[in-house]
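Okay, so here's the structure we're looking at.
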Amino acid sequence: MPSLATVARINVTSVKGLGLTHPAEIELTPRGVEENRRYYLVRDGRLFNGKDHGPLVRIVPAALDGQLSLRFPDGHELAGPVVLGRGVTTNFWGRDVQGHVVEGAWADALSDYAGAHVELIRTDAPGTGIDVHVGTLVGSGSCERLGAELGAEVDARRFRMLLELDGTAPHEEDTWDRVRAGDAVLRVRGPVPRCAVTTQDPDTGVPTLDTLRGIKSYRGLRDGTQIDFGVYFDVEQPGRVRVGDAVQPL
């Protein structure tokens, strides 16, 4: 029998790979949360993220009305208007994303922190800085099952999912087709293959837990290669989703 699931936490970030913030509510459109991951980093034209430098998560970004701020772990904050330069095209796992370089002090500050020359890019179209589908979700039961496998508590933030749910059985979300979350209806689109970022502490970016070994040990590999945890979704019916809202399979 399905569990009584609720939205436990919402995770978004203005800049892909940087620290997560946790709004009390979001508006889901067919493009997901439109300003989520609106900015991203590149090095030599390729995506640069937590797999390249885990401590990026210690930088807290915020973007609103053409303004951007980055708060670094030493307390320094870089803030100002977004001024766009040359256009670029970036490969997002086989999908071309159009954007423009953000000019100013951003690149130098981020490069100094990351120890590599990176550029900050803003996507031209909202909602295009995501990975495959517009949203992701994972249930608390899945994290508890992984924790039992590893003998450690598993913080769901490791997986950087848009929605974290309470009140689910282990991997119950894998069985869903359509679900109502708050005022929105979501269409589940299949499993999320995981990478080494999930081994990193979500506050420091330092590897502290072998999540991939744990998942593989009891879930095996999909198609002989993929280590899956949580699911993708698209938005079938737009609407507002709040922390505490019910999540009901349809």
Inset, instruction - For Ile59, list long-range residues whose amide hydrogen, built 1.01 Å from N in the peptide plane, is under 5 Å from its own amide hydrogen. - result: Gly19
Legend entry - Kirkwood estimate for the range 44-125, i.e. one over the average of 1/r between Cα atoms, Å: 13.5
Inset, instruction - Note down the nm distance, to one decimal, between modelled labels 7 Å out along Cα→Cβ at Asp44 and at Ala62. - result: 3.6
Inset, instruction - Please label the shape of the range 163-250 as rounded, prolate or oblate, based on the square roots a ≥ b ≥ c of the eigenvalues of the alpha-carbon gyration tensor (a/c under 1.5 means rounded; beyond that, a/b larger than b/c means prolate, else oblate). - result: prolate
Inset, instruction - Please work out the FRET efficiency for the pair Val206 and His100, using the Cβ-Cβ distance as r and a Förster radius of 22 Å; give the result to the nearest 0.05. - result: 0.10
Legend entry - Prolate/oblate/rounded call for the range 72-161, Cα gyration tensor, a/c under 1.5 rounded: oblate
Inset, instruction - Find the relative contact order for the chain and round it to a whole percent, using C-alpha pairs within less than 8 Å whose residues are 6+ positions apart. - result: 26
Inset, instruction - State the percentage of accessible surface on the chain attributable to carbon and sulfur atoms; use a 1.4 Å probe and exclude ligands, DNA and RNA. - result: 48
Inset, instruction - Would you be so kind as to identify which of Val83, Gln200, Ser111 lies farthest towards the positive end of the dipole of the range 68-204, taking Lys and Arg as +1 and Asp and Glu as -1 on Cβ and the Cα centre as origin? - result: Val83
Legend entry - In order through the range 6-17: 3J(HN,Hα) via Karplus (6.51 cos²θ - 1.76 cosθ + 1.60), integer Hz, x for Gly, Pro: 9, 6, 8, 7, 10, 10, 9, 8, 5, 10, 4, x
Legend entry - Per-peptide average of other Cβ atoms within 10 Å, ordering 13-23, 196-206, 129-139 highest first: 129-139, 13-23, 196-206
Inset, instruction - Treat every Asp and Glu Cβ in the range 97-246 as -1 and every Lys and Arg Cβ as +1, leave all other atoms uncharged, and give the resulting dipole magnitude about the Cα centre to the nearest 20 debye. - result: 380
Inset, instruction - Once you have a ≥ b ≥ c as the square roots of the Cα gyration tensor eigenvalues for the range 93-218, tell me rounded if a/c is under 1.5, and otherwise prolate or oblate according to whether a/b is larger than b/c. - result: oblate
Inset, instruction - Between Asp155 and Thr225, take the C-beta separation as r, use R0 = 25 Å, and let me know the FRET efficiency to the nearest 0.05. - result: 0.45
Inset, instruction - Using the 2.2 N^0.38 Å rule of thumb for compact globular proteins, work out how the range 80-127 stacks up: its C-alpha Rg over that value, please. - result: 1.21
Legend entry - Simple Cβ-charge dipole of the chain, Lys/Arg +1 and Asp/Glu -1, about Cα centre, in debye nearest 20: 420
Inset, instruction - Pop out the ³J(HN,Hα) list for the range 178-195 in order, Karplus 6.51 cos²θ - 1.76 cosθ + 1.60 with θ = phi - 60°, rounded to Hz; leave Gly and Pro as x. - result: 10, 9, 9, 10, x, 8, 9, 10, 10, 10, 6, 10, x, x, 9, x, 9, 10
Inset, instruction - Please arrange His100, His76, His117 by accessible surface area, largest first, computed with a 1.4 Å probe and ligands excluded. - result: His117, His76, His100
Legend entry - Given [x] 7, 32, 39, 20, 2, 0; [y] 6, 21, 26, 24, 16, 7, 1; [z] 7, 31, 36, 21, 5, 0, the label whose value is P(r) over Cα pairs in 10 Å bins from 0, in percent derived from this model: [z]
Legend entry - Per-residue [θ]222 nm for the chain (sum of -39500 (n - 2.57) over DSSP H runs n ≥ 4, rounded to 500): -3500 deg cm²/dmol
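The values are calculated or read from the model by the stated rules, or taken from the named source; none is laboratory data. Everything quoted here is computed from the prediction, not taken from an experiment. For neighbour counting, all protein chains shown are included, and Cβ atoms are generated from backbone atoms with ideal geometry for every residue, glycine included. Remember, those area values only see protein heavy atoms, side chains included, never the ligands or the DNA or RNA. Shrake-Rupley method; radii C 1.70, N 1.55, O 1.52, S 1.80 Å.
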